[in-house]
Amino acid sequence: MPKTIHDAPSGPEPLGPYSIVTEANGFVFCSGMVPIDPATGSGVEGDIAEQTHQVMRNIGGVLGDVGLTSDDIVKTTIFLADMGDFPAVNEVYGHYVGESKPARSTVEVAALPGGFRVEIECIAAR
């Protein structure tokens, strides 16, 4: 099964040796996004809602780079540094996914890169 590594100019630069968007067999895999503003390369300060908005904008941007939208997302995984942030993250997330409601997992982790409070990865289908 061949894979394609896509350019993702609307997303932040990778923080390590990985691709932001990889496609294989009709599925598009977006690496975990943290709240980094791609225009500045800086992390977004602020509360969990502001961080989640930036993450979801990043996801929307990289999906748009490959001709997809949030309606094409079939699965997300949300990583939270504090499960107490779940209600606020859930509210913002719901605004972006609307009625498409992909499958989702949410897990609390000990820490996230850059000291961020939220990271979200997704899988979309063509």
For the chain, what does the helix formula give at 222 nm: sum of -39500 (n - 2.57) over DSSP H segments with n ≥ 4, over the residue count, nearest 500 deg cm²/dmol? -8000 deg cm²/dmol
Determine, from the Cβ-Cβ distance of Thr40 and Ala125 and an R0 of 41 Å, the FRET efficiency 1/(1 + (r/R0)^6), rounded to the nearest 0.05. 0.85
Quick one: among Ala81, Ala24, Ala110, which has the greatest mean-square fluctuation in a GNM of the chain with alpha-carbon springs under 10 angstrom? Ala110
Any idea what the dipole of the chain comes to, in debye rounded to 20, about its Cα centre with Lys/Arg Cβ at +1 and Asp/Glu Cβ at -1? 420 debye
Under Karplus coefficients 6.51, -1.76 and 1.60, residue-wise ³J(HN,Hα) of the range 105-112 in Hz, glycine/proline x: 10, 10, 10, 8, 10, 5, 6, 10
Table column - 3J(HN,Hα) (Hz), the range 90-95, Karplus curve with 6.51, -1.76, 1.60, x for Gly and Pro: 4, 5, 5, 3, x, 4
So what does log10 I(q)/I(0) come out to for the chain at q = 0.15, 0.23 Å⁻¹, using the Debye formula with one equal point on every Cα and no solvent? -0.63, -1.49
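Laboratory data are not the source of any read-out in this text; all were calculated from the coordinates shown. On a predicted model such as this, the values are computed, not experimentally measured, just so you know. All Cβ positions, even for glycine, are placed from backbone atoms using ideal geometry, and neighbour counts span all protein chains on display.
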